[in-house]
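Chemist: Before we start, here is the structure in question, set down as structure tokens.
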Amino acid sequence: MMNSEGKKQFVNDLKEGDSVDDVFAVSRIEGPFKYRQKDGLYFRLNLSDRTGDIPAIFWGSEKDEKGTRELLGGISIGNIVQITGGIVNKYGQKGELQLTISQGKGTLSDCNKFDPADFVRAISNDEIERLYSRLVQEIKTLKNEPLRQLIQLFFSNNEFVDKYKKSPSATRNHHNFVGGNLQHTVHVIELCKTTCDINGEIDRDLLICGALLHDVGKLMQYSVGLAISETDEGRYISHPVFGDRMLRDAIDKIGRSKFPKDLEVQLSHMILSHHGKIEWGSPVEPRTLEACVLHYADLMDSRVQDFIQRSSDK
């Protein structure tokens, strides 16, 4: 199908009871699942545009399991789909919005004509450059020579810098837009600097270096097309693990005999533990002062931004 008039219904404008007839990007797929007490299949999607995302569920006909499977089989992450006859309702204890499409009452189909600017959220190029300039200034303040050499190895690579500037920080919730990871990193650095001003026992250079690299693995976890989605590897390997691999690869390039082992261990621990808790996806929990500070700075900025985005989407 083709949508020649452009999008008119955006996620952040949807309200309970709205009838939806518009195009959306697919950023997540789950299913198909069988109904519990009757024949038929259903599947779940996450649909997005530049204003946000919304979970969706397609209720297949009891008499057409094959059709439901074929429909789902033709959908891939990053596809643009046309929804007709969708209904917005609330679900769960928190009453969050969900889009439902029931076979026979609504349809879901491919769309091959659309405006890409309708789908990917981004901060402006001017803001990206402003944030990156702030980050470069922080790199210049590093006094520890091995740490500065390590950071310069990363940021002297133009391909890496381009990805670092534009990487999102998530597919949903906080900083899920082009440039989001850079914005988040700069905010985390500012929180870490303030904590250093309060507590003189913190190794400032180590903490700032950890803040610069803590989410570097997201460059490998997420891809940006017509939607922000996880890479094939990113669905199975978390960004702390990717980040640790990137750190070790960089130290290999420097030469392990030239980079202090204790700094490698501490940085590796900070990257791997910055999510704080095992149940939050952290391979290990923070066991050093700098790792603890980094975790709480990361948590604060992500929670604050998540609140801001949820409030603006209401």
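Only the coordinates and a few stated rules stand behind these numbers; no lab work does. Just so we're clear, the structure is a prediction, and the values are computed from it rather than from any experiment. Note: ideal-geometry Cβ built from the backbone for every residue, glycine included; neighbour counts use all protein chains shown.
Chemist: Using a ≥ b ≥ c from the Cα gyration tensor of segment 167-314 (square roots of the eigenvalues), is it rounded, prolate or oblate, where a/c under 1.5 gives rounded and otherwise the larger of a/b and b/c decides, a/b for prolate?
Modeler: oblate
Chemist: For a protection proxy built on the mean count of beta-carbon atoms within 10 angstrom, sort 139-148, 214-223, 241-250, 254-263 highest first, please.
Modeler: 214-223, 241-250, 139-148, 254-263
Chemist: Give me the net charge for the shell around Leu182: Cβ to Cβ below 15 angstrom, other residues only, Lys and Arg +1, Asp and Glu -1.
Modeler: -2
Chemist: Now a separate question. Test of understanding: ordering Arg50, Arg287, Arg310 by Cβ neighbours within 10 Å, fewest first, what list do you get?
Modeler: The most exposed by this proxy come first: Arg287, Arg310, Arg50.
Chemist: Among (i) 31, 58, 11, 0; (ii) 25, 41, 26, 8; (iii) 30, 49, 20, 1, which is the computed P(r) over Cα pairs in 20 Å bins from 0, in percent?
Modeler: (iii)
Chemist: Here is a follow-up. List the chymotrypsin sites (Phe, Trp or Tyr not before Pro) in segment 1-83 that DSSP assigns to loop (not H, G, I, E or B) and whose Cβ has at most 13 other Cβ atoms within 10 Å. Which are they?
Modeler: Answer by residue number: Tyr35.
Chemist: Taking Cα atoms, how many degrees apart are the long axis of helix 261-273 and the longest axis of the chain, rounded to 10 and kept between 0 and 90?
Modeler: That works out to roughly 20 degrees.
Chemist: Okay, helix-only estimate at 222 nm for the chain: each DSSP H run of n ≥ 4 adds -39500 (n - 2.57), divide by all residues, round to 500 deg cm²/dmol; what do you get?
Modeler: -13500 deg cm²/dmol
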